[in-house]
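The values are calculated or read from the model by the stated rules, or taken from the named source; none is laboratory data. In this text, all values refer to a predicted model and were calculated from it rather than measured experimentally. Glycine also receives a Cβ, built like all others from the backbone with ideal geometry; neighbour counts cover every protein chain displayed. For accessibility, only protein heavy atoms count, side chains too; no ligands or nucleic acids. Shrake-Rupley method; radii C 1.70, N 1.55, O 1.52, S 1.80 Å.
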Amino acid sequence: MNNARAIIAKLRQRQTPTRDELNWFAQGLADGSVTDAQAGAFAMAVCLNGLGDVGRVALTLAMRDSGRVLDWDLPGPVLDKHSTGGVGDCVSLILAPALAACGAYVPMISGRGLGHTGGTLDKLDSIPGVISHLDERRLRDVMGRAGCAIIGATSDIAPADKRLYAVRDVTATVESLDLITASILSKKLAAGLDGLVLDVKVGSGAFMKDMDEARGLADALVKTANAAGCKTTALITDMSQPLAPALGNALEVAEVMAVLTGQTKGPLVEICASLGGVLLANGGLAADVQAGADAIAQAIADGRAAERFGQMIAAMGGPVEFVENFARFLPEAPVIREISATGAGFITAMDGEALGLAVVDLGGGRAVESDAVNPAVGLRDVVRLGTKVSRGQPLGVIHAARAADADRAEAALRAAITIGPRATPTPDLIADRVG
């Protein structure tokens with residue numbers, strides 16, 4: 001008979017529990033028969049001693065199977081993308097409808113902001129009326145109408161992960177590669193995917209600051225997901241500066257709409273094409289990665305992605321004419337302040353994490369889980385690496401609720417941006433591919 005003490009003892013002795021034991025433990029997390037103390041001891045044992053490749057796959061599947069696993073009967077592949085988090089990362093809001101426009105179906109289970117990084121659900125919540133937590137019947141309805149749905153995990157999706165994640169947060173075991181992998185993939189695999197692409201961020205605005213760490217996480221995720229039966233590839237992408245020039249929920253949605261309606265292009269289109277190209281090729285909707293990337297870029301350029309986005313927003317309770325009139329619907333901050341350079345030179349470095357934390361301090365993110373989020377605040381038109389600036393040229397625009405908040409954000413913005421006498425090379429947006 002399985003029991004938590006025996007499983008924890010195995011881990012302490014550097015032995016890998018069997019798949020049956022990990023299934024039992026995951027069910028115990030889900031139904032409460034495993035105590036918080038036992039969950040914390042399990043997490044610490046895994047953090048210190050690891051599970052190995054086989055154990056990592058077994059834990060991922062056990063956590064996936066602790067709740068509902070969706071199944072689909074659709075005329076196209078079910079595909080998804082996951083990002084490990086960064087600043088100005090609003091890729092999901094563009095990529096999901098672009099994939100749908102290319103014949104894929106995208107049930108994207110997303111999360112809220114974590115630390116200095118913004119959350120996709122928080123961005124959606126800045127659109128009036130949108131309901132991001134849907135039951136299965138409503139999810140299937142939105143998928144049928146738009147081909148994509150960006151939603152939060154329901155209580156019956158990987159409930160073991162929800163329980164273990166909360167324990168990890170208070171036991172200093174968040175950084176475990178095995179637990180990170182199982183946490184990410186258990187929720188994604190529960191969506192019943194045919195293919196997955198992972199956007200593993202590296203740089204000052206990411207959780208992974210070091211390329212070796214990012215490559216290690218990408219490798220673990222890809223190996224585990226493929227072993228679990230989901231065709232998966234990872235791209236390691238640059239986060240040495242915000243991906244979009246806007247940070248903050250409504251401001252990022254406005255940037256997304258500028259891309260979808262053809263008003264701007266830039267890195268967001270490039271990374272969406274790269275990630276989507278991999279997915280379309282892996283899902284059999286494109287002859288190869290380049291053909292897939294071209295198809296995604298075309299879906300964005302010709303407005304089909306915008307049309308799918310509008311259908312998704314309306315089906316989730318948002319305004320029917322959001323795409324045509326998005327500026328009218330998005331909230332605005334009362335204090336808007338442009339910040340200018342005090343000297344001349346080139347933008348040589350940027351502390352993305354500090355910029356993300358400045359948005360949190362403005363009220364655009366959470367210091368603790370219970371914090372309310374102000375969707376209107378953030379940073380806009382943040383200058384890009386390599387830009388030549390003169391004295392008085394804008395570095396960015398602050399959107400704040402109060403003047404005192406804008407003062408703190410201005411100090412943070414100036415401290416986060418380095419101006420040097422000579423231009424330095426800007427990292428490639430796509431650093432590497434795994435799988």
Taking region 236-251, which residues are open to solvent by 10 Å² or more (accessible area, probe 1.4 Å) and not hydroxyl-bearing (Ser, Thr, Tyr)? ASP238, GLN241, PRO245, LEU251
Just need a number here: residues in region 113-153 that are part of a loop (DSSP other than H, G, I, E, B) and either closer than 24 Å to LEU279 by Cβ or of a type in the set (A, V, I, L, M, F, W, C) (or both). 9
Report every pair of residues separated by at least 6 positions or lying on different chains whose Cβ atoms are under 9 Å apart, first residue within region 152-164 and under 22 Å from VAL130 (Cβ atoms), second among the hydroxyl-bearing types (Ser, Thr, Tyr) and part of a loop (DSSP other than H, G, I, E, B). GLY152/SER132
All conditions in (1) in contact with a Phe, Trp or Tyr (Cβ under 9 Å, 6 or more places away or on another chain); (2) open to solvent by 10 Å² or more (accessible area, probe 1.4 Å) are true of PRO159 except (1)
Here's a check for you: in region 150-173, which residue that is closer than 17 Å to GLY32 by Cβ and hydroxyl-bearing (Ser, Thr, Tyr) is farthest from the chain's Cα centre (by Cα)? SER155
Any idea which residue in region 339-392 is nearest to ALA166 (Cα to Cα), counting only those that are of a type in the set (Lys, Arg) and touching a residue at least 60 places away in the same chain (Cβ under 8 Å)? ARG366
Report whether or not ASP371 is under 25 Å from PRO128 (Cα atoms), of a type in the set (Asp, Glu) and modelled with pLDDT under 95. yes
For region 1-84, please list each of the helices (runs of 4 or more DSSP H) lying entirely inside it that holds at least 3 residues being within 23 Å of the chain's Cα centre (by Cα) and within 30 Å of CYS148 (Cβ to Cβ). 52-64
State all residues of region 186-221 that are open to solvent by 20 Å² or more (accessible area, probe 1.4 Å) and of a type in the set (Lys, Arg); if no residue qualifies, say none. LYS187, LYS209, ARG215
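Which is crowded, with 16+ Cβ neighbours inside 10 Å, within 17 Å of ILE339 (Cβ to Cβ) and touching a helix residue (DSSP H, G or I) at 6+ places or on another chain (Cβ under 6 Å), of GLY435, GLY378?
Numbers: GLY435 fails: within 17 Å of ILE339 (Cβ to Cβ).
Answer to the check: GLY378.
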Considering only residues that are open to solvent by 10 Å² or more (accessible area, probe 1.4 Å) and touching a helix residue (DSSP H, G or I) at 6+ places or on another chain (Cβ under 6 Å), which ones fall in region 315-349? PRO319, VAL320, VAL323, PHE326, LEU330, PRO331, VAL335, ARG337
Residue set VAL142, VAL167, VAL174, VAL130; condition touching a residue at least 60 places away in the same chain (Cβ under 8 Å) and more than 19 Å from LEU93 (Cβ to Cβ); output residue VAL167
Restricting attention to region 258-280, the residues that are in contact with a helix residue (DSSP H, G or I) (Cβ under 8 Å, 6 or more places away or on another chain) and either charged (D, E, K, R) or surrounded by 21 or more Cβ atoms within 10 Å (Cβ to Cβ) (or both) number exactly 14
Of the residues in region 164-181, those that are open to solvent by 40 Å² or more (accessible area, probe 1.4 Å) and modelled with pLDDT of 90 or more come to LEU177
Qualifying position, being charged (D, E, K, R), open to solvent by 60 Å² or more (accessible area, probe 1.4 Å) and either touching a helix residue (DSSP H, G or I) at 6+ places or on another chain (Cβ under 6 Å) or modelled with pLDDT of 95 or more (or both), among ARG12, ARG64, ARG5, ARG68: ARG12
